[in-house]
Amino acid sequence: MADFSRITASEFDLLHCPEMSLHYGSTPEGEKHANPGSDYLKALENSFRSFEDAVSYPANQAFVGNIDPLNLPERPWHNAGASAVSFSAGGHLSDGSFGNITDEAVLLGLLKMSDSFDLVLLEKDFSEEIKKILLQPEILPEADLLKFDKGVLIDRINEEIEAGALPLYYGKKIAGCVKAAHPDDKNLSAHVILENLASKAGAVWAVVSLLKRNKIDPSTIDYIIETSEEACGDANQRGGGNFAKAIGELAGLLNATGSDTRSFCAAPVHGLLQAASLVKAGTFKKVIVAAGGTTAKLAMNSKKHIEKGFPVLEDTMGAFAVLVEAGGSLSSAGDIIIRNDIAGIHRIGSGSSPQNVIQNLVADPLEKAGLTFADIGYYAPELHNPEVTEAGGAGNVTLANLKMVAAMAVMKKQIEKTDMNAFIQKHGSSGWAPTQGHIPSGIPALGWISRWFKDGRIKNAMVIGKGSLFLGRMTGLFDGVSILLESGQAKVSGTSFPAEASVKTQVKTQVKSLRKTEVRLGLTIPGSESPASELYRGAAEAEELIGGLEVVFFGDESSNPDDAHQEMESALRCKDLDGAVTFHYPFPLGTATIGHTLAPGNGHNLFIASTTGISDTDRVNALVKNTIAGIAAAKAWGIENPSVGILNLDGARTAISRLKALRDAGYKFKLAASVRGEELLRGNDILAGTADVIVCDTLSGNAFIKLVAGFSSGGITEVSGSGYGPGLGGEHPLVNIISRASSSAVVSNALVYSARMVVAGVADIYRKELIAAKAAGLITGLKDGSTSAGPDRKTVNKEIEGIDVLKLDEAVSLLKEADLYCEAGMGCTGPVVMVAAEDSGKAESILVKNGFIG
Amino acid sequence: MDLENQKRVKELAEKHGKENIFVLIGGADPEACGLAVETVMAGDPAFAGSLTGVQLGLSAYHIVEPEIKAEIDPSVYEENIGMMEMVLDIDSIIEEVSTIRKDCS
């Protein structure tokens, strides 16, 4: 089972900066150029909130972890009155559960600290005052603040401003300035430097606060990904970067390197996905994803806010830092498992209609995970504070996004249209984040998601980031990315497995949407005992039955079967095919194949587990694993809670008592009773169809399928059933085996069966069943997907037959010792060891010499 | 209406002739949609863009209006607009856009 990355800590900070908003927000700045002295500008100056008011603002309290977004008071929030908040560091900081709010003095101090080229000058007295503020225990008591001793006289600052530097204000007075870094290069102008330094300063603060709050040693961090929307560079490399490394340098991440990720507001979720993948790949152990805020978006909607009698609500910059580390299986309460394998991506070819976007970002990953819309505990789309956006004329962004998710659930027939509002209430919340582009993009929910995981309120969540790429004029495209997050606790206890009911609903939906999905299945032609026309006919029937299914033929009547098989194998390896139907396949040890037919007695769907392959070298273990594989196939077919019966074969009684023990320990399944009402099934139960899944050993299962399939043709041709079924377990593609004597009906059925298994993601369902069974104490004699380690992996295309099944493992070890790569498997005639063609001579002679084959 | 869009609409109408231009709106906010219709029919009411004082009199509808929906293959409509039909305040959009269209014609 894959060990996913996890989020173990997150930090969300706000930097209150009314002066920065008044002077350097792009809306006020634009107005100053276009209409200096306008009524708006006059009103703006007196429309800012005090630090205390900004701190007690409910949306800001939600951001730093003090007011649960699910319990935010009724709006309006801006005149909600002061709530109980506390201040420290001489009134310059207010701390929350996972973030803090600081005043403008701290921001100016961080700005100076972030300046490596003496571009920020602070007035002498102010510089000393700031130094004292920063050195307080709650802020940066151990920081090296030597540069604050270099404060300059106000006359020098005025001269610099005269020469083009931008003034920095504190309490309505000039407290310093930011100089251009080059006289002519507009990429290094005072304005660009200020914007970049402010973003860097915010990110540094968030990273330092994250490390401090969670007592993390900075030297353990390997990598930092910065995800803001700024660009740093000069005339010859305007967006050269790398903010990440600059932030890491100041935050003391001495062993880390880093890079920047950009995608407008979607960048933080991209960053999270990259961090999770880098950690899971083993490239790094600890990665921080971080971003500071943006000065440009300060006071962005202030014209509209002032018109409506609001204060300027966009008076704070946001910043965040999230720690991603390895060891999902070791997670503790509150850890967030990042399912990087269940990511929604807005594809380049998808088109930008809202419907396509939600399909890509929400419906597709849910379908891949085998989850319904209602299975997700909490959706975190753009979490913009609605009080800001509604008054600004952009509506309630979070609600609009949640409505789209709910509407897509209606379209997928998973909820009723009349239930949309209830769905939104249950699976979402109001937004609360400052409208700083990339800051609200799903990420601010991470602190709360961790809390809700810890409380057991939800077990999973989805963060959704969206970005308006078209604003950069390089493309008309939109962007978006989403990730499924799971509770660390739930994972450990196995409760993250989706409810059976939801699997059923999902399968229905997926089969219905197959027309759009396009499933490509391979079908080998040579080697058939029936005329090739039967195979073509079966393929055409299957394609007609399931729109969107494409069958690709390998070879023809006159081709060499081995060549066709190898071509098919190569297409499967390259993922040109989603699966294949063929006459034989050397499944590795650990695989059970699940056959499907209709029970002659009642016409019900009947799954025979298994029909070929060896799921375990121990007979009883094999029966137990066959049971689980059978359940997975039946569930993938759409049977909600399949009933399972064990055929009365050697070892069946022990197998049934082990299965009951698993059931008692929490692995839920339904045990069927025979026609006579007994626990073990007899041969007549196969005919009667008394269970959905009938468990047997490989050889008897194979015989039963053959008997049922060939009965009405007198045993000459197989005319009913869907073949011997796909192999489950082990690392191999979905391959369904059919008899060489198959009629078009069986070919068609087998293709339809395989397509349904592909779409439902049977391998994933089986994996989840195994996890649940293992959590209940399943023991197996094999590692899942057992392949031999040691020599380098090769393509194995030569089978060596005649080895006793009980000696297979031993034979594999022997060849491995001789440095020959090999895999154990089940061939047409029984167990085989598979080796590369060039190794086959040597391997055979070793096996002969040691008495494994004659 | 966005100033850049006003410029583009004006240029297209000049190039191809007003009678050959049809404006289809897809906005979410009823008021903004109404303003867009007004702008391309009677001129920019905000007196800011290139359509200020220019009465193009173009034909303008919102994608969710019944007249437009009736023209589109239902399955294509469902595939592209079905979800947003549930999200948008369709009644208000239709009311606003059709009233303004009536007032401007």
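Name the single residue that is modelled with the highest pLDDT among those in the stretch A:383-411 being outside any helix (DSSP H, G or I) and out of contact with any Ser or Thr (no Cβ under 6 Å at 6 or more places or on another chain). Working first, answer last.
First pass over the stretch A:383-411, keeping only residues outside any helix (DSSP H, G or I): A:383-385, A:392-396.
Filter once more, so that each one left must be out of contact with any Ser or Thr (no Cβ under 6 Å at 6 or more places or on another chain): A:385, A:392-396.
Numbers: A:ASN385: 98, A:GLY392: 88, A:GLY393: 84, A:ALA394: 84, A:GLY395: 88, A:ASN396: 94.
Step by step, filter the stretch A:383-411, then rank; the result is A:ASN385.
Please go through the stretch B:1-14 and give me each residue that is among the acidic types (Asp, Glu) and away from every other protein chain (no Cβ under 13 Å), ordered by number.
Restricting attention to the stretch B:1-14, the residues satisfying the condition of being among the acidic types (Asp, Glu) are B:2, B:4, B:11, B:14.
Those that are among the acidic types (Asp, Glu) and away from every other protein chain (no Cβ under 13 Å): B:GLU11, B:GLU14.
Name the single residue that is nearest to the chain's Cα centre (by Cα) among those in the stretch A:210-228 being surrounded by fewer than 24 Cβ atoms within 10 Å (Cβ to Cβ) and touching a residue at least 60 places away in the same chain (Cβ under 8 Å). Even if it seems obvious, please write down each step before you answer.
Start the filter on the stretch A:210-228 by keeping residues that are surrounded by fewer than 24 Cβ atoms within 10 Å (Cβ to Cβ), which leaves A:211-220, A:222.
Those still in the list that are touching a residue at least 60 places away in the same chain (Cβ under 8 Å) too: A:213-214, A:216, A:220, A:222.
Numbers: A:ARG213: 27, A:ASN214: 25, A:ILE216: 25, A:THR220: 25, A:ASP222: 22 Å.
Residue satisfying both the conditions and the ranking: A:ASP222.
A:TYR169 - would you say it is surrounded by fewer than 23 Cβ atoms within 10 Å (Cβ to Cβ), aromatic (Phe, Trp, Tyr) and either within 19 Å of A:THR257 (Cα to Cα) or in contact with a strand residue (DSSP E or B) (Cβ under 7 Å, 6 or more places away or on another chain) (or both)?
Numbers: surrounded by fewer than 23 Cβ atoms within 10 Å (Cβ to Cβ): yes; aromatic (Phe, Trp, Tyr): yes; either within 19 Å of A:THR257 (Cα to Cα) or in contact with a strand residue (DSSP E or B) (Cβ under 7 Å, 6 or more places away or on another chain) (or both): yes.
So A:TYR169 fits the description; yes.
Assuming A:GLU325 fulfils every condition listed in (1) closer than 21 Å to A:TRP432 by Cα; (2) open to solvent by 30 Å² or more (accessible area, probe 1.4 Å) apart from one, which condition is it?
Of the numbered conditions (1) closer than 21 Å to A:TRP432 by Cα; (2) open to solvent by 30 Å² or more (accessible area, probe 1.4 Å), the odd one out for A:GLU325 is (1).
Would you pick out the residues in the stretch A:804-836 that are outside any strand (DSSP E or B), over 39 Å from the mean Cα position of the chain (by Cα) and not acidic (Asp, Glu)? Talk me through it step by step, then tell me what you get.
Keep residues of the stretch A:804-836 that are outside any strand (DSSP E or B), which gives A:804-821, A:828-829, A:836.
Restricting the remaining residues to those that are over 39 Å from the mean Cα position of the chain (by Cα) gives A:804-807, A:810-811, A:814-815, A:817-818, A:828-829.
Within the stretch A:804-836, A:VAL805, A:LEU806, A:LYS807, A:ALA811, A:LEU814, A:LEU815, A:ALA818, A:CYS828, A:THR829 meet the criteria.
Which residue out of B:ILE25, B:ILE90, B:ILE68 is crowded, with 18+ Cβ neighbours inside 10 Å and under 23 Å from A:SER352 (Cα atoms)?
Details: B:ILE90 fails: crowded, with 18+ Cβ neighbours inside 10 Å; B:ILE68 fails: crowded, with 18+ Cβ neighbours inside 10 Å.
The match here is B:ILE25.
Run down B:GLU31, B:GLU4 and say which single residue is open to solvent by 40 Å² or more (accessible area, probe 1.4 Å), under 24 Å from A:ASN421 (Cα atoms) and at pLDDT below 95. Break it down into steps so the answer makes sense when it comes.
Working: B:GLU4 fails: under 24 Å from A:ASN421 (Cα atoms).
Every option except B:GLU31 fails the conditions.
Just one of B:PHE47, B:PHE22 is among the aromatic types (Phe, Trp, Tyr) and more than 13 Å from the chain's Cα centre (by Cα); which is it? I'd like the intermediate steps shown before the answer.
Values: B:PHE22 fails: more than 13 Å from the chain's Cα centre (by Cα).
Unique residue meeting the criteria: B:PHE47.
Before we move on, is A:LEU446 in a helix (DSSP H, G or I), touching a Ser or Thr at 6+ places or on another chain (Cβ under 8 Å), within 14 Å of chain B (Cβ to nearest Cβ) and at pLDDT 95 or above?
On the way: in a helix (DSSP H, G or I): yes; touching a Ser or Thr at 6+ places or on another chain (Cβ under 8 Å): yes; within 14 Å of chain B (Cβ to nearest Cβ): no; at pLDDT 95 or above: yes.
The answer is no for A:LEU446.
If the requirement is being surrounded by 15 or more Cβ atoms within 10 Å (Cβ to Cβ), at pLDDT 75 or above and over 23 Å from A:TYR585 (Cβ atoms), which of these qualifies: A:ILE803, A:ILE846, A:ILE853? Show your work before the answer.
Working: A:ILE803 fails: over 23 Å from A:TYR585 (Cβ atoms); A:ILE853 fails: over 23 Å from A:TYR585 (Cβ atoms).
Answer to the check: A:ILE846.
Consider A:ALA433 carefully, then state whether it is open to solvent by less than 10 Å² (accessible area, probe 1.4 Å) and within 14 Å of chain B (Cβ to nearest Cβ). It would help to see each step written out before you state the result.
Details: open to solvent by less than 10 Å² (accessible area, probe 1.4 Å): yes; within 14 Å of chain B (Cβ to nearest Cβ): no.
No; evaluated as a whole, the condition is false for this residue.
Check A:PHE453 against each of (1) open to solvent by less than 10 Å² (accessible area, probe 1.4 Å); (2) modelled with pLDDT of 95 or more and name the one condition it does not meet.
Every listed condition holds for A:PHE453 apart from (2).
Are there any pairs, at least 6 apart or on different chains, whose C-beta atoms fall under 7 Å, with the first in the stretch A:711-730 and among the aromatic types (Phe, Trp, Tyr) and the second in a helix (DSSP H, G or I), and if so, which?
Filtered contacts from the stretch A:711-730: A:TYR724/A:ASN702; A:TYR724/A:ILE705.
Among what's in the stretch A:719-744 and is open to solvent by 10 Å² or more (accessible area, probe 1.4 Å) and β-branched (Val, Ile, Thr), pick the residue that is farthest from A:LYS625 (Cα to Cα).
Filtering first and then ranking leaves A:VAL719.
Here is a list: A:ALA394, A:ALA343, A:ALA380. Which entry is open to solvent by 10 Å² or more (accessible area, probe 1.4 Å), aliphatic (A, V, I, L, M) and more than 10 Å from chain B (Cβ to nearest Cβ)?
On the way: A:ALA394 fails: more than 10 Å from chain B (Cβ to nearest Cβ); A:ALA380 fails: open to solvent by 10 Å² or more (accessible area, probe 1.4 Å).
On inspection, the qualifying residue turns out to be A:ALA343.
Might you check whether a residue that is β-branched (Val, Ile, Thr) and either more than 29 Å from A:ALA539 (Cβ to Cβ) or surrounded by fewer than 15 Cβ atoms within 10 Å (Cβ to Cβ) (or both) occurs anywhere in the stretch A:745-759? Before you say what the answer is, go through the steps one by one.
As a first pass, look at the stretch A:745-759 and keep what is β-branched (Val, Ile, Thr): A:746-747, A:752, A:758-759.
The next check asks that each one be either more than 29 Å from A:ALA539 (Cβ to Cβ) or surrounded by fewer than 15 Cβ atoms within 10 Å (Cβ to Cβ) (or both); those that pass are none.
No.
Where residues in the stretch A:564-595 are open to solvent by 10 Å² or more (accessible area, probe 1.4 Å) and among the polar types (S, T, N, Q), which of them is nearest to A:GLY827 (Cα to Cα)?
Across the stretch A:564-595, the extreme among qualifying residues is A:GLN566.
Considering only the stretch A:412-430, I want to know if a residue exists there that is buried (at least 21 other Cβ atoms within 10 Å of the Cβ), in a helix (DSSP H, G or I) and within 14 Å of chain B (Cβ to nearest Cβ).
yes
Just the residues that are more than 17 Å from A:ASN736 (Cβ to Cβ) and open to solvent by 20 Å² or more (accessible area, probe 1.4 Å), please, taken from the stretch A:598-613. Before the answer, list the steps.
Initially, the stretch A:598-613 is screened for residues more than 17 Å from A:ASN736 (Cβ to Cβ), giving A:599-604.
Hits for the stretch A:598-613 are A:PRO600, A:GLY601, A:ASN602, A:GLY603, A:HIS604.
Can you pull out the residues in the stretch A:349-377 that are away from chain B (no Cβ under 14 Å), outside any loop (DSSP other than H, G, I, E, B) and of a type in the set (A, V, I, L, M, F, W, C)?
A:LEU366, A:ALA369, A:ALA374
Find the helices (runs of 4 or more DSSP H) located wholly in the stretch B:15-105 whose residues include 1 or more that are within 14 Å of another protein chain (Cβ to nearest Cβ) and under 30 Å from A:ILE424 (Cα atoms), and list them. Reasoning before the result, please.
On the way: elements: B:30-42, B:66-69, B:74-87, B:90-104.
Correct list: B:30-42, B:74-87, B:90-104.
In the stretch A:1-41, what count of residues is obtained for those that are at pLDDT below 95 and hydrophobic (A, V, I, L, M, F, W, C)?
4
Taking the conditions exactly as written (touching a Phe, Trp or Tyr at 6+ places or on another chain (Cβ under 6 Å), assigned by TED's automatic domain parsing to the domain that holds A:GLU52, over 30 Å from A:GLU19 (Cβ atoms) and in a strand (DSSP E or B)), does A:GLY344 satisfy them or not? Let's see the steps before the verdict.
Numbers: touching a Phe, Trp or Tyr at 6+ places or on another chain (Cβ under 6 Å): no; assigned by TED's automatic domain parsing to the domain that holds A:GLU52: yes; over 30 Å from A:GLU19 (Cβ atoms): yes; in a strand (DSSP E or B): yes.
For A:GLY344, the condition - touching a Phe, Trp or Tyr at 6+ places or on another chain (Cβ under 6 Å), assigned by TED's automatic domain parsing to the domain that holds A:GLU52, over 30 Å from A:GLU19 (Cβ atoms) and in a strand (DSSP E or B) - is not met.
Looking only at the stretch A:32-46, decide whether some residue is touching a residue at least 24 places away in the same chain (Cβ under 8 Å) and touching a Pro at 6+ places or on another chain (Cβ under 7 Å). Reasoning before the result, please.
So the first thing to find is which residues in the stretch A:32-46 are touching a residue at least 24 places away in the same chain (Cβ under 8 Å), and the list is A:40, A:43-44.
Cutting the leftovers down to touching a Pro at 6+ places or on another chain (Cβ under 7 Å) gives us A:44.
Scanning the stretch A:32-46, I find at least one residue that is touching a residue at least 24 places away in the same chain (Cβ under 8 Å) and touching a Pro at 6+ places or on another chain (Cβ under 7 Å), so the answer is yes.
Helices (runs of 4 or more DSSP H) wholly in the stretch A:471-563 with at least 3 residues that are at pLDDT 85 or above and surrounded by 14 or more Cβ atoms within 10 Å (Cβ to Cβ) - which ones? It would help to see each step written out before you state the result.
On the way: elements: A:488-493, A:500-512, A:514-517, A:532-545.
Fully inside the stretch A:471-563 and qualifying: A:532-545.
Exactly one condition in (1) more than 22 Å from A:VAL746 (Cβ to Cβ); (2) touching a residue at least 12 places away in the same chain (Cβ under 8 Å) is false for A:CYS574; which is it?
(2)
The values are calculated or read from the model by the stated rules, or taken from the named source; none is laboratory data. Quick caveat, the model's predicted, so the values are computed rather than measured. Note: ideal-geometry Cβ built from the backbone for every residue, glycine included; neighbour counts use all protein chains shown. These accessible areas exclude ligands, DNA and RNA; they are computed on the full protein's heavy atoms, side chains included. Shrake-Rupley method; radii C 1.70, N 1.55, O 1.52, S 1.80 Å.
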